[in-house]
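See structure below.
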Amino acid sequence: MMKWRDRTRPQPQRAKSSPGRRRGTGPSARRRMVLVVGVLGLISLGLVARAFDLQVVRKQFYQKQGDARFLREVPIPVSRGTIFDRNGEPLAVSTPVTSIWANPAELLANSDRIPALAKALGGDPQQIEQYLEQRSDREFVYLRRQMPPEAAQAVLDLDIPGVNGQREFKRFYPSGEVTAHILGVTNIDDHGQEGLELAYDDWLAGKPGSKRVIRDGKGHVVAELEQVRAPKPGQNLTLSIDRGIQFLAYHELKNTLDKYSAASGSMVVMDVHTGEILAMASLPTYNPNALAGSKPVQRRNRAATDVVEPGSTMKAFTLAAALSSGKYTPTSPAIETGNGHWFFYGHDIHDDDPNGTLTPTGVLTRSSNVGAAKIAMTLDTSLMYDTYRAFGFGNSTGSGFPGESSGLLRVGRDWRPLEKAIMAYGYGLNVTPLQLANAYATIADGGVMHTPTFIKGDDSPGRQIISPQVAHELVSMLETVTGPNSTGANARIANYSVAGKTGTSHQAIAGGYSKDTYNSLFAGIVPASNPQLVAVVVVNGTTKGGYFGGTVSAPVFSAVMGGAVRLLDIPPDNIGRWYVGGPLQGNGGLVGSQTPPPQPSANDVPVHEAPVDEAPAEGNAP
Amino acid sequence: MFGLGASQAVKRQGPRGSFDPWLLVALVGLASVGLVMVTSSSIAVADSGNMGAFYYLKKDLLFLSLGALAAGVAMRTELKLLEKNAFPLLALAFALLLAVFVPHFGMRLNGARRWLNLGVTSFQPVEAVKLILVVYMASYLVRRRDSIETEFLGLIKPLMVAGILVVLLLLQPDFGSAMLVITVTIGMVWLGGARPVYLCGMGLPLMPLLYMAATGESYRMKRLTSFMNPWEHPFTDGFQLTQSLMAIGRGEWTGVGLGSSVLKLSYLPEAHTDFIFAVIGEELGLVGIVLVMGLFALAVGRGLAMGLKGVEVGQRFAGYVAFGISLMLAMQAIVSVGVNLGALPTKGLTLPLISYGGSSMALTCAMAGVLLRATWEINRALDARQMAKRMPEAVAAVDANDTARPREAVAA
């Protein structure tokens, strides 16, 4: 505590010891100090000036350089619109997923964490490291796309430097393979690649917004500055498809394919008044939620993209031309089919059974190739061609389905007589099941053709292509096909009258027609009395149990449409009697009462009274 | 003893010292700014290292406490003790600088041997060497005042010592600290009264040495020139500097706001140590830069002014120590700021009292403590001179080694 005294005591002595020196030092030290302070002051001023230059004068340059490094425009992801069926059931939904990405350099700098990362990702550590090293000059590589959010969160929770998550959306199809062909698929960037996902991509996809953000040196977003472009979410799409009918169609078609060991098949169900497609099934199919491993042959929507020779189902349109020509009515003139063989230009046009003399209706009922060919040969070629053409053959239906085929119909003036004859019963031209369904829907809707559509309520104004009277006559004639013992008896639906036509065609193979593989078709209208629905069933290449359209495809029609009319609350033909006598169990389901009365059921086919069960008698008439 | 009679008038015991208040304000202000800015600028690096956002704040507080302790000790220690032990301290400085070359004891980081491994922590000897150099130079200037002022040879010895230190620093290599040692030595010798002619004579042979040191290794030459045009190689040689310039440029007048710097987020390397000034420039703008430089100017200005008073009042050692420490603070701040602003070649020098760094923080605090002690002793000498003028008998009594003089009681 007393130390200071030691210090202060010698002071006066020293001051005295060299007074001259002291006096000289004072001003000298001050002068020297002025120089030191001056130098330091000037340097400081220079530094402040430099700071002023950086921060005020030339700030734009530095800020621009800075912005170039950490300002980024990043997209604001939007979810794709949901696709609903006509009843609001979701068919395609976007679910949030997380993609894991990495900054290779940053992750490699923490390579000790890679094994933990690989474990969480479910990969091989060395592979990941190699993958990263090959891309070490990049700032962004995906490690795994579209992980389930929980699994991705587990990866992110490891908190490994350089590993980040990015939110995305993945398409999920609740009804899987049942609707696979209609909906198609999206790619990993959420853009439609096939089917309606492709056709309506612009509508569904929306527009991702973008925002300006500040990223830190490791790529994390630390601040969001502004929205550059507002995100436009994808819009929902409500299809005309009825999920219930679609499932029925898929299910029945699949069973039939299994039962007959058939190679493929397709079915189209349409609403006759609007052209809305209620169901469209194709087999073989694939799982759109797990695309890996699916083959192109499974991915094709056969109902729209594949063509088939329509066989006898074409006779309805031959008859449409015949009735339109005015030379024929449903009952006259009589057509002589003889013993079922007609040698024409060296070709044996033949029926399965000899039918003798047939009415035009009988030609349909008995499905006589000879009759159809003979009728065709009496018709003007251009009338026949124009009629086929008017029904949409050889033209895309305009449904808008990607990759829809237009089929093949040669120009009428090039037709040789034999071609014309065989075209009458469905050879020498190609149609898609969708085209055939649309053509039958035209007959069913009184000759008014609608553009088929997959969108609910997309009700295009129809075009009258044949006279309503011809159309109504045709429906009545087609109704005879499903009478007992007729070719289409298997297509009958309890309590509903069915009009339709079977068809069986040899499969065209390289160099001609296959002897033993067939296309089995059935095209039908229900209820015939007041047409509401049309369906076409095509089964290709059955290998056991039969191949006739009436055997293979008609039961599919019956099963599916039997369900469809109930699902859609379409009243049965004889509904008036239900209230009187009450329903009773009949063969294969509910029927009105014990036995169908002989008199025509109360239906409202306006032109031609054609009671269901009486029809075959007419067809069998000589 | 003074504290006991706080409620009563206390008798004047003799000349009393006091710490220079403005210097204290400036130093405490700088340390406070440093604490805030270290916290702000280290968040990103702490976070990316998974150490918790306030890891560096905690460690900085620890170092600052150590520094405050060292400063407190220094402030209560007679400078005479340092003056007496100048030679052993110099020996310690040489030992420390040589120790970095001892295998296992000296640590090699980023190609430079600047650290000593002390087991629990590492230590940068150059921070201690800076203080020791000032003490040695001050003691030499006091001892050999006459020869310094008149003889050329008187200059050789201190400059030789400085030269050896410089060579040892260049071997590390630590070019920035070597420059600091050279300039502070020249500054102290100049203020100590050396003739300008001699000083120039001494300075000339240093020039080729510096040039050789600068060109000796290519990376240093590159560093020396790359600061002129950092945008030529913004991703290699000019990387740090361009990031620093961008940060400062973003600051404008008042800055982007405390904590809002973007460049500190893993863009600017060493944001919390060597390049903390750039973060200050970005977050606090030109206002912040002027404030920090103003605090340094205040500290250095008060230090030099007090030193000058000390020399004039005869407290030569305290005065020279004040000169040396003030110059050391000034030069280090100028070099660090200049590097951050791209006005000087990029060097690894901390901004004293502000940058994060254990050795730097603790020993800069100790240096500040010595500086404060110097001001205290100088004020005491001034007080004694005043007392001698006003009350010669009181001084005489003090000289007579008397303890209490009731007549000279002054209100405390």
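The values are calculated or read from the model by the stated rules, or taken from the named source; none is laboratory data. Quick caveat: nothing in here was measured; it's all calculated off a predicted structure. Glycine also receives a Cβ, built like all others from the backbone with ideal geometry; neighbour counts cover every protein chain displayed.
Against the definition (at pLDDT 90 or above, under 20 Å from B:Gln315 (Cα atoms) and either buried (at least 18 other Cβ atoms within 10 Å of the Cβ) or within 14 Å of chain A (Cβ to nearest Cβ) (or both)), how does B:Leu64 come out, yes or no?
Values: at pLDDT 90 or above: yes; under 20 Å from B:Gln315 (Cα atoms): no; either buried (at least 18 other Cβ atoms within 10 Å of the Cβ) or within 14 Å of chain A (Cβ to nearest Cβ) (or both): yes.
No; evaluated as a whole, the condition is false for this residue.
Conditions (1) surrounded by fewer than 14 Cβ atoms within 10 Å (Cβ to Cβ); (2) closer than 29 Å to B:Val256 by Cα; (3) among the aliphatic types (A, V, I, L, M); (4) modelled with pLDDT under 80, marked per residue:
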position	(1), (2), (3), (4)
B:Gly52	yes, yes, no, yes
B:Lys59	no, yes, no, no
B:Ala70	no, no, yes, no
B:Leu82	no, no, yes, no
B:Leu96	no, no, yes, no
B:Phe101	yes, no, no, no
B:Arg108	yes, no, no, yes
B:Arg113	no, no, no, yes
B:Leu116	no, no, yes, no
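Here A:Asp258 clears all of (1) free of Cβ contacts under 8 Å to residues at least 60 places away in the same chain; (2) crowded, with 17+ Cβ neighbours inside 10 Å except the condition numbered (2). When the test is whether a residue is without any contact (Cβ under 8 Å) to a residue 60 or more places away in the chain and basic (Lys, Arg), A:Arg389 passes it. Does at least one position in region B:322-332 carry a residue that is under 8 Å from the mean Cα position of the chain (by Cα), within 14 Å of chain A (Cβ to nearest Cβ), small (Gly, Ala, Ser) and buried (at least 24 other Cβ atoms within 10 Å of the Cβ)? Yes: region B:322-332 contains one or more residues that are under 8 Å from the mean Cα position of the chain (by Cα), within 14 Å of chain A (Cβ to nearest Cβ), small (Gly, Ala, Ser) and buried (at least 24 other Cβ atoms within 10 Å of the Cβ). Answer with yes or no whether A:Phe169 is of a type in the set (A, V, I, L, M, F, W, C) and over 30 Å from A:Gly524 (Cβ atoms). Answer is yes for this residue.
Mind checking which residues of region B:291-317 are under 16 Å from B:Pro352 (Cα atoms) and within 10 Å of chain A (Cβ to nearest Cβ)? Talk me through it step by step, then tell me what you get.
So in region B:291-317, the residues under 16 Å from B:Pro352 (Cα atoms) come out as B:291-301, B:303.
Correct list: B:Met293, B:Gly294, B:Phe296, B:Ala297, B:Val300, B:Gly301.
Looking for something over 20 Å from A:Arg167 (Cα atoms), touching a residue at least 60 places away in the same chain (Cβ under 8 Å) and touching a Lys or Arg at 6+ places or on another chain (Cβ under 9 Å) - is there at least one such residue anywhere in region A:101-121? Yes, region A:101-121 has at least one match. In the condition set (1) modelled with pLDDT under 85; (2) more than 7 Å from chain B (Cβ to nearest Cβ); (3) farther than 30 Å from B:Phe296 by Cβ, A:Thr8 is compliant with all but (2).
Among the residues of region A:285-295, is any crowded, with 24+ Cβ neighbours inside 10 Å and at pLDDT below 90? Can you show your working first?
Our first condition is that a residue be crowded, with 24+ Cβ neighbours inside 10 Å; within region A:285-295, this holds for A:288.
Among the residues that remain, those that are also at pLDDT below 90 are: A:288.
Looking for residues that are crowded, with 24+ Cβ neighbours inside 10 Å and at pLDDT below 90, one finds at least one in region A:285-295, hence yes.
Set side by side, the residues A:Thr442, A:Thr381 differ, and just one is closer than 29 Å to A:Thr482 by Cβ and touching a helix residue (DSSP H, G or I) at 6+ places or on another chain (Cβ under 9 Å), which is A:Thr442.
Just checking, does region A:33-49 include any residue being at negative phi, touching a Lys or Arg at 6+ places or on another chain (Cβ under 9 Å) and either at pLDDT 90 or above or among the β-branched types (Val, Ile, Thr) (or both)?
The first filter runs over region A:33-49 and keeps only residues at negative phi, leaving A:33-49.
With the extra rule that they be touching a Lys or Arg at 6+ places or on another chain (Cβ under 9 Å), the set shrinks to none.
No, that holds for no residue.
For B:Lys309, the conditions (1) touching a residue at least 60 places away in the same chain (Cβ under 8 Å); (2) surrounded by 23 or more Cβ atoms within 10 Å (Cβ to Cβ); (3) in a helix (DSSP H, G or I) are fulfilled apart from (2). In region A:114-165, counting only helices (runs of 4 or more DSSP H) that sit wholly within it, the ones holding 3 or more residues that are under 37 Å from the mean Cα position of the chain (by Cα) and within 23 Å of A:Val221 (Cβ to Cβ) span A:149-157. For region A:186-216, the set of residues classified as out of contact with any Phe, Trp or Tyr (no Cβ under 6 Å at 6 or more places or on another chain), within 14 Å of chain B (Cβ to nearest Cβ) and surrounded by 19 or more Cβ atoms within 10 Å (Cβ to Cβ) consists of A:Asp216 only.
If a residue must be β-branched (Val, Ile, Thr) and not in a strand (DSSP E or B), how many such residues does region A:245-271 contain?
To start, the set of residues in region A:245-271 that are β-branched (Val, Ile, Thr) comprises A:245, A:256, A:268-269.
From the residues that got through so far, the ones that are not in a strand (DSSP E or B) too are A:245, A:256.
Of the residues in that region, 2 qualify.
This table checks each residue for (1) surrounded by fewer than 19 Cβ atoms within 10 Å (Cβ to Cβ); (2) within 18 Å of A:Val481 (Cα to Cα).
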site	(1), (2)
A:Phe317	no, yes
A:Ser325	yes, no
A:Tyr328	no, no
A:Ile335	no, yes
A:Tyr345	yes, no
A:Ala390	no, no
A:Gly403	yes, no
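Would you confirm, using the coordinates I've provided, whether B:Leu141 is aliphatic (A, V, I, L, M) and either without any contact (Cβ under 8 Å) to a residue 60 or more places away in the chain or under 27 Å from B:Gly67 (Cα atoms) (or both)? Explain how you work it out, then say what you get.
On the way: aliphatic (A, V, I, L, M): yes; either without any contact (Cβ under 8 Å) to a residue 60 or more places away in the chain or under 27 Å from B:Gly67 (Cα atoms) (or both): no.
Taking the combined requirement at face value, the residue does not satisfy it.
Within region A:47-76, being β-branched (Val, Ile, Thr) and part of a helix (DSSP H, G or I) holds for A:Val48, A:Val56, A:Val57. Exactly one residue among A:Ser44, A:Ser79 is more than 9 Å from chain B (Cβ to nearest Cβ), among the hydroxyl-bearing types (Ser, Thr, Tyr), surrounded by 15 or more Cβ atoms within 10 Å (Cβ to Cβ) and not in a strand (DSSP E or B), and that residue is A:Ser79.
Do you know which residues across region B:243-269 are facing chain A (nearest Cβ under 7 Å) and either of a type in the set (Val, Ile, Thr) or out of contact with any helix residue (DSSP H, G or I) (no Cβ under 6 Å at 6 or more places or on another chain) (or both)? Answer for region B:243-269, where residues must be facing chain A (nearest Cβ under 7 Å) and either of a type in the set (Val, Ile, Thr) or out of contact with any helix residue (DSSP H, G or I) (no Cβ under 6 Å at 6 or more places or on another chain) (or both): B:Ile248, B:Val262.
I want to confirm something. Restricting to region A:473-494 and keeping residues that are of a type outside the set (Val, Ile, Thr) and over 34 Å from the mean Cα position of the chain (by Cα), which single residue is farthest from A:Pro555 (Cα to Cα)?
A:Glu473
Could you look through region A:217-230, keep only residues that are touching a residue at least 40 places away in the same chain (Cβ under 8 Å) and among the hydrophobic types (A, V, I, L, M, F, W, C), and pick out the one that is farthest from the other protein chains (Cβ to nearest Cβ)? By that ranking, first place goes to A:Val228.
Return the only residue of A:Thr551, A:Thr504, A:Thr543 being over 18 Å from A:Thr432 (Cα atoms), over 25 Å from the mean Cα position of the chain (by Cα) and not in a helix (DSSP H, G or I). So that I can check it myself, show each step before the final result.
Details: A:Thr551 fails: not in a helix (DSSP H, G or I); A:Thr504 fails: over 18 Å from A:Thr432 (Cα atoms).
Exactly one of A:Thr551, A:Thr504, A:Thr543 is over 18 Å from A:Thr432 (Cα atoms), over 25 Å from the mean Cα position of the chain (by Cα) and not in a helix (DSSP H, G or I), namely A:Thr543.
For region B:304-335, the set of residues classified as small (Gly, Ala, Ser) and over 12 Å from B:Leu191 (Cβ atoms) consists of B:Ala305, B:Gly314, B:Ala318, B:Ala330, B:Ala333, listed by residue number.
Across region B:151-178, what is the total count of residues that are among the small types (Gly, Ala, Ser) and under 14 Å from B:Pro125 (Cβ atoms)? First the steps, then the outcome.
Pass one, region B:151-178, residues among the small types (Gly, Ala, Ser): B:154, B:162-163, B:176-178.
Checking the rest, the ones that are also under 14 Å from B:Pro125 (Cβ atoms) come to B:177-178.
Final tally of qualifying residues: 2.
Candidates are the residues of region A:325-360 that are part of a loop (DSSP other than H, G, I, E, B) and among the aromatic types (Phe, Trp, Tyr); the one that is farthest from the chain's Cα centre (by Cα) is A:Tyr345.
Can you find, within region A:381-410, the residue that is nearest to A:Gly192 (Cα to Cα) among those that are polar (S, T, N, Q) and outside any loop (DSSP other than H, G, I, E, B)? If you could, list the steps in order and put the result at the bottom.
Initial filter on region A:381-410 (polar (S, T, N, Q)): A:381-382, A:387, A:395-397, A:399, A:405-406.
Within this subset, residues satisfying the condition of being outside any loop (DSSP other than H, G, I, E, B) are A:381-382, A:387.
Values: A:Thr381: 44, A:Ser382: 42, A:Thr387: 37 Å.
Here the answer is A:Thr387.
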